[in-house]
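The values are calculated or read from the model by the stated rules, or taken from the named source; none is laboratory data. Everything numeric here is computed off the predicted structure, so don't read it as measured data. Cβ: placed from backbone, ideal geometry, glycine included. Neighbour counts: every protein chain shown. Note: areas computed on protein heavy atoms with side chains; ligands, DNA, RNA excluded. Shrake-Rupley method; radii C 1.70, N 1.55, O 1.52, S 1.80 Å.
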Amino acid sequence: MKRFDVTAVVAAVLLCLAGSTLSAQEIPTVFRGGDILTMRGDQPEFVEELVIQRGKILHAGTTAEGKKHAGAKPRVVDLAGKTLLPGFIDTHGHMIYFGKNLIDGDLRGAKSIAELITRMREQVKKMPPGAWVVGFGYLARDLAEKRHPSIEELNQVSTDRPVMVVDSSGHLGAGNSAVFKAAGITAETPNPEGGSFTRKPGSQELAGPMEETALNAVRSQRPPFSGELADRVVTGAAEVWASYGQTTAMEAGLGLGNDDIDIVKNAVDKNLLTIDLYLAAKDSVTDDAINAAYSVSADFNKNPGGTSRKLLATRPDLDKRYINRVRLGGIKFWLDGSLDTAWFTEPYTNLPAGKSGDYRGFQQIPNEVLDEAFDRFWTSNLQLNMHMNGDAAADQALAAIEKAVKKYGMRDHRPVFIHGTYLRPDQIQKMKTYGAIPSFLTSSIKSGGDAVVHLWGPDRAAHALASKTLLENGMKFTYSHDAPVSPSPAILPLVELAVTRQAASGRIVGPDERVSPYHALQAVTSMAAYLIKEEGSKGTLEPGKLADLVILERNPLKVDPSTIATIPVLETIKEGKTVFRKTAP
Ligand SMILES: [Zn+2]
């Protein structure tokens with residue numbers, strides 16, 4: 001109560017200073033007449049009334065108490081039976097890349113290579129002269145040909161414009177002759193560590209497809225988005241994020257594109273964002289390691305040095321606070337690949353196409369690189385965000401953390417295990433010891449759950465995305481969409497899938513790891529705020545925290561869980577300002 005009274009006094013003084021013309025932000029706003037779910041504590045807590053002012057929460061409690069804070073003439077919002085809860089927090093998405101994809105050609109749902117070529121020809125018309133023509137979102141296994149397009153097929157799109165297509169995982173793609181020429185990749189170019197260019201049979205000639213670091217080597221040579229295109233990247237994506245109830249977004253891989261820093265700088269300089277954006281930047285050590293193994297990349301790396309360092313050079317305090325809604329919160333590493341390139345200690349149960357022997361997926365970066373990163377960042381305020389799907393990748397992360405703890409002692413670092421799809425019980429105990437927190441890609445249960453059972457086997461699948469096990473261990477976890485890897489940055493489907501764990505076939509994948517709708521909501525609100533170390537200002541409805549809110553048509557705790565994903569988001573409010581409102585259809 002003490003802290004609350006001080007806030008009220010300060011607010012009153014500020015009101016006096018502001019004089020008689022009060023802006024919308026200065027008039028207290030009272031929300032009542034619906035389910036107001038605070039997300040505070042281990043059990044659902046509903047309050048009668050929420051009072052906000054100047055972008056912050058003044059009161060979450062009874063109407064009687066609320067009167068003291070709302071003043072004589074508050075603005076009153078009647079929720080009319082709708083549900084109000086804290087704004088959702090994205091703990092692993094790629095807002096910048098999603099924004100770029102809004103500019104690029106949409107290849108989702110393409111059924112054949114002929115269709116892909118037709119769509120890419122349309123895309124040529126939409127892009128200014130000289131710009132690369134890029135398409136995103138197809139899946140080779142959904143194409144009639146069950147493969148990526150060849151260099152000859154992409155040359156049918158254009159022979160003079162660089163053309164590149166990237167699949168929906170973001171890890172695989174293909175290019176035409178002009179794009180390889182533009183990127184300086186030839187038949188003589190060796191495959192980089194952790195990836196490959198497909199070659200024509202019996203030769204070194206480029207066949208078109210490329211995977212992992214090879215794809216990144218080409219992608220990083222794309223000319224930058226600038227001017228209006230750069231504005232559109234962030235404003236377009238932020239609009240989509242807000243429409244799904246998110247008041248904090250993430251770009252969890254900044255630096256893969258060579259225009260990323262300029263796009264962020266443009267957004268900060270022009271104050272383009274309406275919601276917060278947490279950045280996890282690709283680190284220089286990774287670049288250096290790849291460069292050492294791969295001379296071509298070094299030749300073309302125009303800006304050697306880390307993404308984080310370059311960002312901090314443009315805005316020195318970007319890692320300490322939000323500047324015009326942008327904060328550098330972490331460093332990103334990729335320790336393994338996706339479903340069929342995840343790195344395991346035990347072989348795949350069924351081999352992915354094209355693999356043989358006791359294939360266990362790929363290690364992406366040498367141990368020394370990760371060890372050095374923890375050495376540098378363990379005691380800093382930048383969190384290490386590590387992409388991992390298999391348990392061998394989790395072992396690599398835990399070994400690096402152990403070394404840092406031995407050297408510097410325990411810190412409140414909160415290493416992020418992005419996806420953390422399969423974690424062994426012994427690894428979960430170590431994560432607890434070191435305060436590591438996973439961001440589970442629950443959206444993958446529907447799209448990839450059946451494939452996980454097939455490739456990884458029923459035992460690993462049953463304990464993939466181990467929410468319940470973590471809960472029982474008193475640990476925190478979050479749910480993320482990884483958009484554009486998942487087609488949409490929607491949050492409620494993540495909640496539903498954590499509750500149902502139902503794959504596309506209808507199969508329940510790992511019924512023992514299902515959690516209640518309330519715990520699933522915590523993973524996108526209070527526990528999500530904890531993951532980004534912002535639990536002091538976000539994640540629950542409590543006095544003093546930011547008025548980051550979402551209003552839903554129905555209460556996720558009161559509907560059939562299999563319908564949670566379909567609950568419409570009606571309004572999203574960032575620090576008291578409406579940033580999204582659903583319009584009547
Ligand atoms: Zn990702």
Worksheet item: Can you tell me which residue in the range 354-381 is most open to solvent (accessible area, probe 1.4 Å), limited to those that are part of a helix (DSSP H, G or I) and in contact with a strand residue (DSSP E or B) (Cβ under 7 Å, 6 or more places away or on another chain)?
Response: F377
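Name every residue in the range 555-584 that is hydrophobic (A, V, I, L, M, F, W, C) and at pLDDT 95 or above, in order of residue number. Explain how you work it out, then say what you get.
Going residue by residue through the range 555-584, those that are hydrophobic (A, V, I, L, M, F, W, C) are 557, 559, 564-565, 567, 569-570, 573, 579-580, 584.
Once the filter is applied, which keeps residues that are hydrophobic (A, V, I, L, M, F, W, C) and at pLDDT 95 or above, the range 555-584 yields L557, V559, I564, A565, I567, V569, L570, I573, V579, F580.
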Practice prompt. Select from the range 250-277 the residues that are out of contact with any helix residue (DSSP H, G or I) (no Cβ under 6 Å at 6 or more places or on another chain), open to solvent by less than 30 Å² (accessible area, probe 1.4 Å) and more than 16 Å from the ligand (Cβ to nearest atom) and write down the one among them that is farthest from A238 (Cα to Cα).
Written response: D259
Discussion item. Quick check on my filter: what residues within the range 447-497 are crowded, with 24+ Cβ neighbours inside 10 Å, away from the ligand (no atom under 16 Å from the Cβ), within 28 Å of D106 (Cβ to Cβ) and among the aliphatic types (A, V, I, L, M)?
Written reply: V452, V495, L497
Worksheet entry | Residue ID - nearest to the chain's Cα centre (by Cα), chosen from residues in the range 51-102 that are closer than 20 Å to D276 by Cα and β-branched (V, I, T) | T91
Practice prompt. Can you confirm whether the range 181-201 contains a residue that is open to solvent by less than 20 Å² (accessible area, probe 1.4 Å), assigned by TED's automatic domain parsing to the domain that holds E115 and touching a Lys or Arg at 6+ places or on another chain (Cβ under 6 Å)?
Written response: no
Item to complete: Under 8 Å between Cβ atoms, at least 6 apart or on separate chains: pull out the pairs that start in the range 346-371 with a residue that is touching a residue at least 60 places away in the same chain (Cβ under 8 Å) and end on any residue that is among the hydroxyl-bearing types (S, T, Y) and buried (at least 18 other Cβ atoms within 10 Å of the Cβ).
Response: P352/T341; F362/T341; Q364/T213; I365/T286; V369/T286
Response to the item:
The number of residues in the range 549-579 that are surrounded by 21 or more Cβ atoms within 10 Å (Cβ to Cβ) and either in contact with a Lys or Arg (Cβ under 6 Å, 6 or more places away or on another chain) or hydrophobic (A, V, I, L, M, F, W, C) (or both) is 8
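Of the residues L143, L107, L102, only one is open to solvent by 50 Å² or more (accessible area, probe 1.4 Å) and more than 16 Å from the ligand (Cβ to nearest atom); which?
Numbers: L143 fails: open to solvent by 50 Å² or more (accessible area, probe 1.4 Å); L107 fails: open to solvent by 50 Å² or more (accessible area, probe 1.4 Å).
Of the residues listed, the single one that is open to solvent by 50 Å² or more (accessible area, probe 1.4 Å) and more than 16 Å from the ligand (Cβ to nearest atom) is L102.
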Item to complete: Collect the residues in the range 73-110 that are part of a loop (DSSP other than H, G, I, E, B) and more than 19 Å from M39 (Cβ to Cβ), keeping them in residue-number order.
Response: K73, P74, A80, G81, H92, G93, D104, L107, R108, G109, A110
